[in-house]
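Chemist: I have a structure here, written as structure tokens, and I will follow up with some questions on it.
The values are calculated or read from the model by the stated rules, or taken from the named source; none is laboratory data. Here the structure is a predicted model, which is why all the values come from computation and not from measurement. Glycine gets a Cβ as well: all are built from the backbone with ideal geometry, and neighbour counts include every protein chain shown.
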Amino acid sequence: MEYIYYKDSKGNFGDDLNAWLWPKFFGEARQDGDAFVGIGSILANDSPLFRNLSGKRKIVFGTGIRPDWRPFAYDSSWDFKFLRGPLSSYAFNNQYEYIADAAYALGLINDFNSIRNVEKKYEVSVIPYFKSLAYFDWEQLCKQLGYHYISPSAEHGIEHTLREIAASKYVIAEAMHGAIISDILRVPWSRFVLTTPVTEGLKVSEFKWMDWLYSIDLPTTETAFIKMYRKSSVHQWLKKLSSNIVHTEFLVKKVVREELLRTLSSTDNYYLSKDDVIERINSRISEKIYQLKQEKGIYHHNNAIQY
């Protein structure tokens, strides 16, 4: 199968999980045959990811909707095995079931316990959103806090990043898959919001987080919001000059950085889904993997769980 996912030139841990995880169940990627749509919020109209897939069966496996003003357009070539969460399912009038984010399949690989049970080395680790890297020196910021920095770009490989998360007692994440992987590895996590309302769009960011959180029965978690853009003296001058028509806000890095430090240093609300929720998710995803392997005639097991 061909694994379809968003690829950032500098790497993004959540998306890049696809190329690392799915071959363990279904074999190495092949350009011929079906298209497998797994981890990501990529079910969107006019997505370039689907542009060259006409005639191929598109297998949706735990993917999320990217909210739009139009319903997602699809035809009989789309095969929905399951969606990420109830909001994605609702976007299809609940025609297709949801389980949870497809990354929970991580809990089904043979090496999972080896990764999960690494020695704890870090009290608190921070995982920013990958598009936040351009705004601050995160390594220096974390060093100032006495926290451990985990890069969302996964420069040292996916498994290294998984083990870094597992080696943490707590994780503070702006990256959603930083929180998801923490939850899978049973590391309590907390969420903060910094650049995603600007770099991703508030509607998209909140939709995908709530889609996931509802799927794991944690819809009422607290989130620390750090405002990126602030009004300045120039704002007041332009407002007056334009008779209250022009409103401007600016990124004042020093101010935002100080608030970011204060917010991260005072984080004390950490979350974890219940063990029985994880067991239910693992059981249902395991069934879906088994069914798809049977459909595809895949009988080798690679490094994945034996059925």
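Chemist: For the stretch 152-175, name all the residues that are outside any strand (DSSP E or B) and touching a Lys or Arg at 6+ places or on another chain (Cβ under 6 Å). Reasoning before the result, please.
Modeler: The first filter runs over the stretch 152-175 and keeps only residues outside any strand (DSSP E or B), leaving 152-167, 174-175.
Of everything in the stretch 152-175, those that are outside any strand (DSSP E or B) and touching a Lys or Arg at 6+ places or on another chain (Cβ under 6 Å) turn out to be Ser153, Ala166, Ala167.
Chemist: Going through Ser242, Ser232, Ser205 one at a time, which residue ends up being surrounded by 12 or more Cβ atoms within 10 Å (Cβ to Cβ), farther than 30 Å from Asn117 by Cα and modelled with pLDDT under 85? Talk me through it step by step, then tell me what you get.
Modeler: On the way: Ser242 fails: surrounded by 12 or more Cβ atoms within 10 Å (Cβ to Cβ); Ser205 fails: modelled with pLDDT under 85.
Matching residue, one of Ser242, Ser232, Ser205: Ser232.
Chemist: Residue under question is Asp268, and the condition is that it be modelled with pLDDT of 55 or more, in the same structural domain as Leu145 (by TED's automatic domain parsing) and at positive phi; does it hold? Spell out the reasoning first.
Modeler: Details: modelled with pLDDT of 55 or more: yes; in the same structural domain as Leu145 (by TED's automatic domain parsing): yes; at positive phi: no.
Here the answer is no, as Asp268 does not meet what is asked.
Chemist: Tell me, please, whether a residue that is within 13 Å of Leu185 (Cβ to Cβ) and in contact with a helix residue (DSSP H, G or I) (Cβ under 8 Å, 6 or more places away or on another chain) can be found in the stretch 141-155. Steps first, please.
Modeler: Applying the first criterion (within 13 Å of Leu185 (Cβ to Cβ)) to the stretch 141-155 yields 150.
Filter once more, keeping what is in contact with a helix residue (DSSP H, G or I) (Cβ under 8 Å, 6 or more places away or on another chain): 150.
Scanning the stretch 141-155, I find at least one residue that is within 13 Å of Leu185 (Cβ to Cβ) and in contact with a helix residue (DSSP H, G or I) (Cβ under 8 Å, 6 or more places away or on another chain), so the answer is yes.
Chemist: Can you work out which of the residues in the stretch 98-125 that are buried (at least 19 other Cβ atoms within 10 Å of the Cβ) and in a loop (DSSP other than H, G, I, E, B) is farthest from the chain's Cα centre (by Cα)?
Modeler: Checked the stretch 98-125; the qualifying residue farthest from the chain's Cα centre (by Cα) is Ile99.
Chemist: Could I ask something else about it? Just to be sure before I move on: is Arg257 surrounded by 15 or more Cβ atoms within 10 Å (Cβ to Cβ), within 26 Å of the chain's Cα centre (by Cα), among the charged types (D, E, K, R) and modelled with pLDDT under 95 in the structure I sent? Talk me through it step by step, then tell me what you get.
Modeler: Values: surrounded by 15 or more Cβ atoms within 10 Å (Cβ to Cβ): yes; within 26 Å of the chain's Cα centre (by Cα): yes; among the charged types (D, E, K, R): yes; modelled with pLDDT under 95: yes.
Criteria met by Arg257.
Chemist: Among the residues of the stretch 176-196, write down those that are outside any loop (DSSP other than H, G, I, E, B), over 21 Å from Asn18 (Cα atoms) and of a type in the set (Val, Ile, Thr).
Modeler: So the first thing to find is which residues in the stretch 176-196 are outside any loop (DSSP other than H, G, I, E, B), and the list is 176-184, 189-193, 196.
Adding the requirement that they be over 21 Å from Asn18 (Cα atoms) leaves 189-193, 196.
Answer for the stretch 176-196, where residues must be outside any loop (DSSP other than H, G, I, E, B), over 21 Å from Asn18 (Cα atoms) and of a type in the set (Val, Ile, Thr): Val193, Thr196.
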